[in-house]
Amino acid sequence: MKILVLNCGSSSIKYKLYDMNNAQVLASGGVERIGLDNAFIKVALPNGEKKQIMHDMPDHKEGVNFVFQVLLDKEIGALQSVNEIDAVGHRVVQGGDIYTESVLVTPQVEKDIEDLCDLAPVHNPGHLRGIKAVDELMPNVPQVCVFDNAFHSTMPDYAYLYPIPYDLYEKYHVRRYGFHGTSHRYVSKRVCEFLGKDIKTQRIITCHIGNGASIAAVKYGECIDTSMGMTPLEGLMMGSRSGDIDAAAVTYLMEKLGKKPQEMSDFLNKKSGVLGITGISSDMREIENAALEGNERAQLALNMYNYRIKKYIGAYAAAMGGVDIIVWTAGVGENQTGTRIDACSDLEFLGIKIDAERNKARGKETIISTDDSKVTVCVIPTDEELVIARDTMRLVSK
């Protein structure tokens, strides 16, 4: 079975084509600048290089259509016919409290995703456009939605509710949803396979640390809490997102800066976080380099960034009554060795000991804690697309 996985953003499409007989990636790449000038697709070639092809793509339908064209290309493609695609799986950020697991796409599912756009205005509209594009181009091919917040649906009400009047939850669905759920789900399961442990016996803290970042507490196979909230803005300090901030500080700044709600949202999502503190970049690699060169604000940003991760690790250890495994994943978590060691420092009282030599590992499955550490600390590269492909195969094979 061949499955195409799509992650459609507001002006982008990331894709991977899988042969699920052996979970082999046959092709991958990404479309950028849909609806804008100088749109292009970047294709990963078999030799590891990447090829960029310029192409006018006024909408997502043309973007998906061009993905098909590239997949059929005689030189760089992986298919003889689009009829070889048995199903399409989509990442969808927000399923609200409607969807607690992956589902086959139906007209009702599409309507629900559209209705949930208020809760994820940056993401859900792009996802929906991608689904509708496949509807038009491949009307007989089944599609599956894998919801980013579904893994977090096991949170108890006392963890997901905000302390505001309860009727606002009932009327407007204001609550913690959490995101990166597909990644947290994958690495919590995979780390137990890697260590030969039964996930039903383990208390796991999963740290998905990238430009967007979140931490989850996974107790005996179920998520009981996560750092992101109603939107991906809450929680950790991120590349350009503020993370946790006093709501009164937000309204105060709105008055002082004369910003409207959407302008303030953009400010907190796109101009804050590491970028806001340093004024340099949202890329942690650049920030680490600047700190090494003596940039004080870069060092301050690193200190803030790592400190907030440490606080959540401590909080979730308390919430679960202890911790057995800590997992680092995503771009920063898999590769930024300084963040891992700083965020775990001074946590020896929890039984966490990092081996400095092992911690040098980047981007591969490995244990980075010492042999006598009571908590096993691991790096597990995430694979959200594989989870989506597996869910898609399972649902279309029923």
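Some values worked out for this structure:
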item: Which numbered condition PHE66 misses (of (1) in a helix (DSSP H, G or I); (2) within 30 Å of MET155 (Cβ to Cβ); (3) of a type in the set (A, V, I, L, M, F, W, C)); result: (2)
item: Cβ-Cβ under 7 Å pairs, at least 6 apart or on other chains, segment 198-216 side without any contact (Cβ under 8 Å) to a residue 60 or more places away in the chain, far side in a helix (DSSP H, G or I) and buried (at least 24 other Cβ atoms within 10 Å of the Cβ); result: ILE199/SER188
item: Positions within segment 317-335 being in contact with an Asp or Glu (Cβ under 9 Å, 6 or more places away or on another chain) and open to solvent by 10 Å² or more (accessible area, probe 1.4 Å), in sequence order; result: ALA319
item: Total residues in segment 176-210, condition of a type in the set (D, E, K, R), surrounded by 15 or more Cβ atoms within 10 Å (Cβ to Cβ) and out of contact with any Asp or Glu (no Cβ under 7 Å at 6 or more places or on another chain); result: 5
item: From LYS256, LYS270, residue being at pLDDT below 95 and either in contact with a Phe, Trp or Tyr (Cβ under 6 Å, 6 or more places away or on another chain) or farther than 30 Å from LYS353 by Cβ (or both); result: LYS270
item: Residues of segment 273-326 that turn out to be without any contact (Cβ under 8 Å) to a residue 24 or more places away in the chain, of a type in the set (A, V, I, L, M, F, W, C), in contact with a helix residue (DSSP H, G or I) (Cβ under 7 Å, 6 or more places away or on another chain) and under 20 Å from ASP244 (Cβ atoms), as a count; result: 2
item: Single unsatisfied condition, MET57 versus (1) loosely packed, with under 15 Cβ neighbours inside 10 Å; (2) part of a loop (DSSP other than H, G, I, E, B); (3) out of contact with any Ser or Thr (no Cβ under 7 Å at 6 or more places or on another chain); result: (1)
item: LYS132 vs. criteria under 30 Å from LYS61 (Cα atoms), among the basic types (Lys, Arg) and either in contact with a strand residue (DSSP E or B) (Cβ under 7 Å, 6 or more places away or on another chain) or touching a residue at least 12 places away in the same chain (Cβ under 8 Å) (or both); result: yes
item: Leading residue by the ranking (most open to solvent (accessible area, probe 1.4 Å)) among those in segment 216-264 that are part of a helix (DSSP H, G or I) and in contact with a helix residue (DSSP H, G or I) (Cβ under 6 Å, 6 or more places away or on another chain); result: MET254
item: ILE352, sole failed condition from (1) part of a helix (DSSP H, G or I); (2) under 23 Å from LYS189 (Cα atoms); result: (1)
item: Some residue of segment 11-25 being open to solvent by less than 20 Å² (accessible area, probe 1.4 Å), in a loop (DSSP other than H, G, I, E, B), under 25 Å from PRO232 (Cα atoms) and of a type in the set (Val, Ile, Thr); result: no
item: Segment 336-349 - residue that is of a type in the set (Ser, Thr, Tyr) and part of a helix (DSSP H, G or I) and, of those, surrounded by the fewest Cβ atoms within 10 Å (Cβ to Cβ); result: THR337
item: Yes/no for GLY77 being surrounded by fewer than 22 Cβ atoms within 10 Å (Cβ to Cβ) and small (Gly, Ala, Ser); result: yes
item: Which numbered condition ARG91 fails, given (1) outside any strand (DSSP E or B); (2) under 25 Å from SER397 (Cα atoms); (3) open to solvent by 20 Å² or more (accessible area, probe 1.4 Å); result: (1)
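Each row is one residue, and each column tells you yes or no for (1) small (Gly, Ala, Ser); (2) part of a loop (DSSP other than H, G, I, E, B); (3) at pLDDT below 95; (4) crowded, with 16+ Cβ neighbours inside 10 Å.
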position: VAL122; (1), (2), (3), (4): no, yes, yes, yes
position: PRO125; (1), (2), (3), (4): no, no, yes, yes
position: LEU128; (1), (2), (3), (4): no, no, yes, yes
position: ASN140; (1), (2), (3), (4): no, yes, yes, no
position: VAL146; (1), (2), (3), (4): no, no, no, yes
position: HIS152; (1), (2), (3), (4): no, no, no, yes
position: TYR158; (1), (2), (3), (4): no, no, no, no
position: PRO163; (1), (2), (3), (4): no, yes, no, no
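The values are calculated or read from the model by the stated rules, or taken from the named source; none is laboratory data. Just so you know, these numbers come straight off a predicted model, no measurement behind them. All Cβ positions, glycine included, derive from the backbone under ideal geometry; neighbour counts span all protein chains shown. All accessible areas refer to the heavy atoms of the entire protein, side chains included, with ligands and DNA or RNA removed. Shrake-Rupley method; radii C 1.70, N 1.55, O 1.52, S 1.80 Å.
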